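K.L.:
Provided herewith is a single structure, encoded as structure tokens, for subsequent inquiry.
The values are calculated or read from the model by the stated rules, or taken from the named source; none is laboratory data. Since we're looking at a predicted model, the values are computed, not measured. Here Cβ is always computed from backbone atoms with ideal geometry, including for glycine, and neighbour counts include all displayed protein chains.
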Amino acid sequence: MRDAALMLSEAAREALAWLEGEWQRAYSGTGKGKGWRSFNLVKQLQQKGICQTELHAWQVLEELGRSELIDLPPGVLLSPRAKLPVRVELAAARREILIAVSPALDPRLELEPRQHSAWRRALEGPLGGWSIKDQLALAEGLRRLANDLPRVYQLSPYVASARYLLGSSKLLEALPTELVRAFGIEPARFQAAETWLLASVPEHPERLLLIENAQSFSQACRVGCDKRLALICTFGYGLSLANALESGDRVRLVGQGTAGVTLADLLRLPCPTYWGDLDPEGLRIYRRLRHFLPDLALSALFGPMLAALEAGTCHPLDALTGKAGQRAAGGWPRGLDQEWLADNQIELLVGKPLELDEQEALLFRLQE
């Protein structure tokens, strides 16, 4: 069959590739293949630009039929002279090849039709390396979770996930939303988890500084920044302030001077600033925070970090530096972590915003 395909004209090869792609997409989605009515297929071949005219499309179908690469009713051969309204399918041998390379679904999964396609797509992505034992446990866990709705919506997604899905607190949010919804589960309906933010607050704070990483939060406290400023550690994306703002009254502050103080109190302080790593994700965190805090500015602490980065003190964004998962940005091939900054620079610049033109330049580089 492969040899027959190689002998085709260019248009027939292109048509065959398109037919196989459409058939495989249908099979991955429903577990069934796809067929075409001849007249509709002729129109589609023209619309896709594979054939320039109706005559050319019929000629291509005739070529595929003679090469036994498509199946037609017994005794039928399509041609420009015999424009017959018949059903066209890929030849059985071609279908077997496509089935062989498609992810196989074990019948023990007992999936409903609407779950079938979502599971297949998940196998082509995040579930691709899962054993059938783990797949069976996941399917059973999703069914049990769905059966316990709506009561389970009273839990956070992390607790629900750990109790129903292989003991993993992260699995429910990591699975494709399409797959979760195919089991009748709506991820957005789970309760927001209670969020704890690390803070250090003086009796009469002048301003607010948001700090990305715990080590830099500790450094800022050690040099006495929390004698004047309210400091909050946002913990990057893992426990971000942006998520906390969405959680409303579920946010709790823990740390020095936080008794009787709420997050809302601190967010009302004037001239809030943000200090994090000088890399694409550090600035994306800032950009997300600014969605909730429009007055938030980049801290002047980024100034010496930027100068150092441009002078060559920087690292590649890869696995060894803990940045392998960062989405690339054209103006950011390398980065500099906030822990690089010395105590005296923090004491000098803390609480001040970066010059506006420098802030705009940094964000512009993020978009390149």
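K.L.:
Go through region 149-198 and give me each residue that's part of a helix (DSSP H, G or I), small (Gly, Ala, Ser), surrounded by 14 or more Cβ atoms within 10 Å (Cβ to Cβ) and without any contact (Cβ under 8 Å) to a residue 24 or more places away in the chain.
P.N.:
If the condition is that a residue be part of a helix (DSSP H, G or I), small (Gly, Ala, Ser), surrounded by 14 or more Cβ atoms within 10 Å (Cβ to Cβ) and without any contact (Cβ under 8 Å) to a residue 24 or more places away in the chain, then SER161, ALA162 are the ones that fit.
K.L.:
Would you check if ALA308 is over 15 Å from LEU208 (Cα atoms) and outside any helix (DSSP H, G or I)?
P.N.:
So ALA308 does not fit the description; no.
K.L.:
Could you tell me which residue of region 127-143 is nearest to ALA26 (Cα to Cα), considering only residues that are surrounded by 14 or more Cβ atoms within 10 Å (Cβ to Cβ) and of a type outside the set (Gly, Ala, Ser)?
P.N.:
By that ranking, first place goes to LEU127.
K.L.:
Another question about this same structure. Might you check whether a residue that is surrounded by 14 or more Cβ atoms within 10 Å (Cβ to Cβ), basic (Lys, Arg) and assigned to a helix (DSSP H, G or I) occurs anywhere in region 99-108?
P.N.:
Taking every residue of region 99-108 in turn, none turns out to be surrounded by 14 or more Cβ atoms within 10 Å (Cβ to Cβ), basic (Lys, Arg) and assigned to a helix (DSSP H, G or I).
K.L.:
Does SER156 meet the test of being farther than 30 Å from ALA259 by Cα and in the same structural domain as SER117 (by TED's automatic domain parsing)?
P.N.:
no
K.L.:
Please give the number of the condition LEU142 fails out of (1) free of Cβ contacts under 8 Å to residues at least 40 places away in the same chain; (2) out of contact with any Ser or Thr (no Cβ under 9 Å at 6 or more places or on another chain).
P.N.:
(1)
K.L.:
Right, here's the next one. Mind checking which residues of region 287-302 are crowded, with 17+ Cβ neighbours inside 10 Å and modelled with pLDDT of 90 or more?
P.N.:
LEU296, ALA297, LEU298, SER299, ALA300, LEU301, PHE302
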